[in-house]
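Beneath this line is the structure, given in structure tokens, with notes to follow.
The values are calculated or read from the model by the stated rules, or taken from the named source; none is laboratory data. Computed from a prediction, not measured in an experiment: that's the story for all the values here. Neighbour counts are summed over all protein chains in view; Cβ atoms, including those assigned to glycine, are modelled from backbone coordinates with ideal geometry.
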Ligand code: HEM
Ligand SMILES: [Cu+2]
């Protein structure tokens, strides 16, 4: 096929060769193309980001002042639960799968993903799962209000929503497993000749390892919620001490899934950061192989630290000690990564375009989250922090100015490649500065609130917490509003952006760093119909 | 694109959306049924029907493509990786229930019985100081009433022999395929499928015994829960495996598969061996110990 035919988005004029996309809306429903599916994932994630964001605004509005303001306590708790589930399973994870779909074939020199039909199915399973989840908002008894961890016995008091939530988890699990298997098979089987494992861009590496994590943990979560279902409807006693079961068992199973799950969201984040920083520092990535090994080490450790979420549940002393020391170990490979990103920038000739700004903010603010993590890994200290706003601050630092910022960075970095248009750098920078400042106003005070003893997941609080809550809410509103700029930029860029025609490389010397920059902007419908012969090795 | 040396990439796929719609309808129906709504069963049947039509359609499509030589070796490798990782995810799914058995049996029941310093220990001291840790148990609340645990050496032992021999017949069929001995392939598969369904029948008989004579039900506390959950999910997998093998048998009749190209057979056989190994785990940890 001709390599330069532009056929992105709604442009069907060039649909003359035998394997172009189908016409109209059907194109998006039955597509097997990695770019179409990647676009679907990314747009879906963007929508979910705003849905989950709206829920967060409800939470911050209610917490703006002490006392009950806008919503019922039950609904408030539904909001914290649904906010987390929507953001984790609807926004962050799908966004990274979308990036994987778009970028992995282009980065490894493949024509498409290894299993294109399954690729389509994994996207629609995601939609089905999120639909079931969203439907619970309108049910008798309300949406689940137990927190995203769905702990029994509390969650068993959910109304009609419970089986829907359980089946939604099953569908989301099937979707993630299919997506992960597809990514693993693509990376192992579809690399261009010469693209050896240790020449792959780090984004590809981190996704390979994330794929393993997903295949290993999603069935575990599915098993846990299945037992919730049978405990509620089929008389089993898995989590009921009267029948010889144990509610703490659920927590073990959940966190065996849950801890690796948070790394599912952060490892691809690391991958994108390791891809962007070298390009704007105009240096090869510092310590490529140590990055690969650190990623693998983090993934391995993530399976053996789960009970650090359960320090206060009454574990035997040996368990407390083991999980404390094992958790501290994670800081070592994580430190290696932060060191490498910093060393990559060291004495580089840096420029500060929007993707780089977001990436630098990621390095700084993620480290913040890592440090509070380290504090909580100390079991006796965690007795104070557990279930307070301190932990809310911790994981939001690791997820918002880390995963979400890097997703933004990825958007700015690759949108010109995807669309062939340049985004508006001024508005991009404005979006960055507003986000970077407001995210700290939003989350930093939550450390103080937590240390002072404010519990998480409550709609009302004692008056001594009033000031910091108000500041945090103000930060939240600014942060939420700033994201509309991102929405604007995405739409504007798709529609033509600044009008400036971008080159294949887009960023100065980017082709030295990744194969995707050797393709035209926008790239042809099938990435590499003939495998590329020169493998860029600048990132090694 | 559809030549021998290029990686085959299908361009449009209708079955995935249809299958997803079917599965979603089925699950939403099931959820409605559990909530006591009357449209539940109808939705379940409808969804299941759509899902089965999807499976039939999708697999017919794949089989046709495979037989017409559209898949080169590389495509075959992708499929094999897909199957391998799918089985790995299934292993993790069973691991949850084996883990549950281990945890309750060796840890939490002891704490409930006042041994050790785990989280259930105070439950013992405060709520049920008289409860003693034994296995099998239906807990301090005697949930589900008196029951008799399932022994290992009756039906379960026969079932072990059945599944093990079905593994042998399956491999024998594979040898037949490789040696281009169609008769051996078909006979081996027939024996495997037959043994598979025999296993399911015997297990149904065992469940019937448990419910009607032994007082052992899904509601018999933690013993009943783990027993039926583990054996039940396994039995379900045996059914699925036997159905898959029946399809392979049907395709063998129609002359499908060549010694160098028979991914579907291999996938089915791997799945069958996986189900077999899980059973050995069950026989040891659920029945014997
Ligand atoms: C240096 C690395 C890290 C360490 C040592 C660490 C440690 C911890 C500990 C001990 C807790 C439990 C606190 C409690 O419940 O009292 C926790 C909670 C949490 N962490 Fe981390 N963490 C680290 C990195 C991360 C990363 C990278 C992410 C996500 C991208 C993350 C996400 C979370 C989440 C979501 C929770 C709260 C879960 C909940 O209860 O809802 N953490 N972390
Ligand atoms: Cu954790």
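What tally of residues in the range B:211-228 results from selecting those that are within 14 Å of chain A (Cβ to nearest Cβ), closer than 21 Å to residue B:285 by Cβ and part of a helix (DSSP H, G or I)?
Narrowing the range B:211-228 to residues within 14 Å of chain A (Cβ to nearest Cβ): B:211, B:215-228.
From what is left, the residues that are closer than 21 Å to residue B:285 by Cβ are B:216-218, B:220-228.
Right, trim to part of a helix (DSSP H, G or I) and you get B:221-228.
The qualifying residues number 8.
Quick one: which residue in A:418, A:468 is touching a helix residue (DSSP H, G or I) at 6+ places or on another chain (Cβ under 8 Å) and free of Cβ contacts under 8 Å to residues at least 60 places away in the same chain? Quick ask: steps written out before the conclusion?
Numbers: A:418 fails: free of Cβ contacts under 8 Å to residues at least 60 places away in the same chain.
Step by step, each of A:418, A:468 is checked, and only A:468 is touching a helix residue (DSSP H, G or I) at 6+ places or on another chain (Cβ under 8 Å) and free of Cβ contacts under 8 Å to residues at least 60 places away in the same chain.
Looking only at residues in the range B:255-289 that are part of a loop (DSSP other than H, G, I, E, B) and without any contact (Cβ under 8 Å) to a residue 24 or more places away in the chain, which one is farthest from residue B:59 (Cα to Cα)?
The qualifying residue farthest from residue B:59 (Cα to Cα) is B:289.
For the range B:64-76, how many residues are touching a helix residue (DSSP H, G or I) at 6+ places or on another chain (Cβ under 8 Å) and surrounded by fewer than 17 Cβ atoms within 10 Å (Cβ to Cβ)? Even if it seems obvious, please write down each step before you answer.
Just the residues of the range B:64-76 that are touching a helix residue (DSSP H, G or I) at 6+ places or on another chain (Cβ under 8 Å), to begin with: B:66, B:71, B:74, B:76.
The next check asks that each one be surrounded by fewer than 17 Cβ atoms within 10 Å (Cβ to Cβ); those that pass are B:74.
Final tally of qualifying residues: 1.
Test residue A:500 against the criterion of being at pLDDT below 95 and buried (at least 21 other Cβ atoms within 10 Å of the Cβ), and give yes or no. Please lay out each step first, then the result.
On the way: at pLDDT below 95: yes; buried (at least 21 other Cβ atoms within 10 Å of the Cβ): no.
Answer is no for this residue.
Please work out if residue A:68 is touching a residue at least 60 places away in the same chain (Cβ under 8 Å) and not in a helix (DSSP H, G or I). Let's see the steps before the verdict.
Details: touching a residue at least 60 places away in the same chain (Cβ under 8 Å): yes; not in a helix (DSSP H, G or I): yes.
Considered against the rule, which asks whether it is touching a residue at least 60 places away in the same chain (Cβ under 8 Å) and not in a helix (DSSP H, G or I), residue A:68 comes out as yes.
For residue A:225, indicate whether it is within 30 Å of residue B:124 (Cα to Cα), away from ligand 2 (no atom under 16 Å from the Cβ), in contact (Cβ under 8 Å) with a residue 12 or more places away in the chain and out of contact with any strand residue (DSSP E or B) (no Cβ under 9 Å at 6 or more places or on another chain).
On the way: within 30 Å of residue B:124 (Cα to Cα): yes; away from ligand 2 (no atom under 16 Å from the Cβ): yes; in contact (Cβ under 8 Å) with a residue 12 or more places away in the chain: yes; out of contact with any strand residue (DSSP E or B) (no Cβ under 9 Å at 6 or more places or on another chain): yes.
Answer is yes for this residue.
I want to confirm something. Restricting to the range A:270-308 and keeping residues that are assigned to a helix (DSSP H, G or I), within 16 Å of ligand 2 (Cβ to nearest atom) and without any contact (Cβ under 8 Å) to a residue 60 or more places away in the chain, which single residue is surrounded by the fewest Cβ atoms within 10 Å (Cβ to Cβ)?
Of everything passing the filter in the range A:270-308, A:300 is surrounded by the fewest Cβ atoms within 10 Å (Cβ to Cβ).
Among the residues of the range A:378-389, count how many are within 8 Å of ligand 1 (Cβ to nearest atom) and in a helix (DSSP H, G or I).
Final tally of qualifying residues: 2.
In this structure, is residue A:267 assigned to a helix (DSSP H, G or I) and within 16 Å of ligand 1 (Cβ to nearest atom)? If you could, list the steps in order and put the result at the bottom.
On the way: assigned to a helix (DSSP H, G or I): yes; within 16 Å of ligand 1 (Cβ to nearest atom): yes.
For residue A:267, the condition - assigned to a helix (DSSP H, G or I) and within 16 Å of ligand 1 (Cβ to nearest atom) - is met.
Among the candidates A:79, A:125, single out the residue that is within 14 Å of another protein chain (Cβ to nearest Cβ) and either in a helix (DSSP H, G or I) or under 21 Å from residue A:523 (Cβ atoms) (or both).
Details: A:79 fails: within 14 Å of another protein chain (Cβ to nearest Cβ).
Every option except A:125 fails the conditions.
Which residue, of B:81, B:70, is at the interface with chain A (Cβ under 7 Å from one of its Cβ atoms) and over 30 Å from residue B:134 (Cβ atoms)? Before you say what the answer is, go through the steps one by one.
On the way: B:70 fails: at the interface with chain A (Cβ under 7 Å from one of its Cβ atoms).
When all the criteria are applied, what remains is B:81.
Let me confirm something: among B:186, B:158, which residue is outside any loop (DSSP other than H, G, I, E, B) and out of contact with any helix residue (DSSP H, G or I) (no Cβ under 6 Å at 6 or more places or on another chain)? Reasoning before the result, please.
Numbers: B:186 fails: out of contact with any helix residue (DSSP H, G or I) (no Cβ under 6 Å at 6 or more places or on another chain).
Only one candidate passes the filter, namely B:158.
For the range A:222-264, which positions are within 14 Å of ligand 1 (Cβ to nearest atom) and under 22 Å from the mean Cα position of the chain (by Cα)?
Within the range A:222-264, A:254, A:255, A:256, A:257, A:258, A:259, A:260, A:261, A:262, A:263, A:264 meet the criteria.
Taking the stated definitions as given, is residue A:396 under 20 Å from residue A:326 (Cα atoms), within 16 Å of ligand 2 (Cβ to nearest atom) and modelled with pLDDT of 95 or more?
On the way: under 20 Å from residue A:326 (Cα atoms): no; within 16 Å of ligand 2 (Cβ to nearest atom): yes; modelled with pLDDT of 95 or more: yes.
No, not satisfied.
Anything in the range B:113-131 that is more than 10 Å from every other protein chain (Cβ to nearest Cβ) and crowded, with 17+ Cβ neighbours inside 10 Å? List them, or say none. Walk me through how you get there before you give the answer.
To start, the set of residues in the range B:113-131 that are more than 10 Å from every other protein chain (Cβ to nearest Cβ) comprises B:114-115, B:125-126, B:129-130.
B:114, the sole residue that qualifies.
Output the number of residues of the range A:309-351 satisfying the condition of being assigned to a loop (DSSP other than H, G, I, E, B) and more than 10 Å from ligand 1 (Cβ to nearest atom).
As a first pass, look at the range A:309-351 and keep what is assigned to a loop (DSSP other than H, G, I, E, B): A:310, A:314-316, A:346-351.
Going one step further and asking which of them are more than 10 Å from ligand 1 (Cβ to nearest atom), we end up with A:314-316, A:346-351.
The total comes to 9.
If residue A:135 passes every condition in (1) assigned to a helix (DSSP H, G or I); (2) in contact (Cβ under 8 Å) with a residue 40 or more places away in the chain; (3) more than 21 Å from residue A:213 (Cα to Cα) but one, which one does it miss?
Answer for residue A:135: the failing condition is (2).
Filter the range B:27-60 for residues that are facing chain A (nearest Cβ under 9 Å) and not in a loop (DSSP other than H, G, I, E, B); which is farthest from residue A:230 (Cα to Cα)?
My answer is B:58.
Can you name every residue in the range A:179-205 that is without any contact (Cβ under 8 Å) to a residue 24 or more places away in the chain, part of a helix (DSSP H, G or I) and farther than 17 Å from residue A:34 by Cα? Walk me through it before giving the result.
If we filter the range A:179-205 for residues that are without any contact (Cβ under 8 Å) to a residue 24 or more places away in the chain, which is where we start, we get A:188, A:196-197.
Now narrow it down to the ones that are part of a helix (DSSP H, G or I): A:188, A:197.
The one that is without any contact (Cβ under 8 Å) to a residue 24 or more places away in the chain, part of a helix (DSSP H, G or I) and farther than 17 Å from residue A:34 by Cα: A:197.
Any chance the range A:400-410 includes a residue that's assigned to a helix (DSSP H, G or I), within 15 Å of ligand 2 (Cβ to nearest atom) and more than 14 Å from chain B (Cβ to nearest Cβ)?
Residues of the range A:400-410 assigned to a helix (DSSP H, G or I): A:400-410.
Filter once more, keeping what is within 15 Å of ligand 2 (Cβ to nearest atom): A:402-403.
In the following step, the residues that additionally are more than 14 Å from chain B (Cβ to nearest Cβ) were identified as A:402-403.
Checked the range A:400-410: at least one residue is assigned to a helix (DSSP H, G or I), within 15 Å of ligand 2 (Cβ to nearest atom) and more than 14 Å from chain B (Cβ to nearest Cβ).
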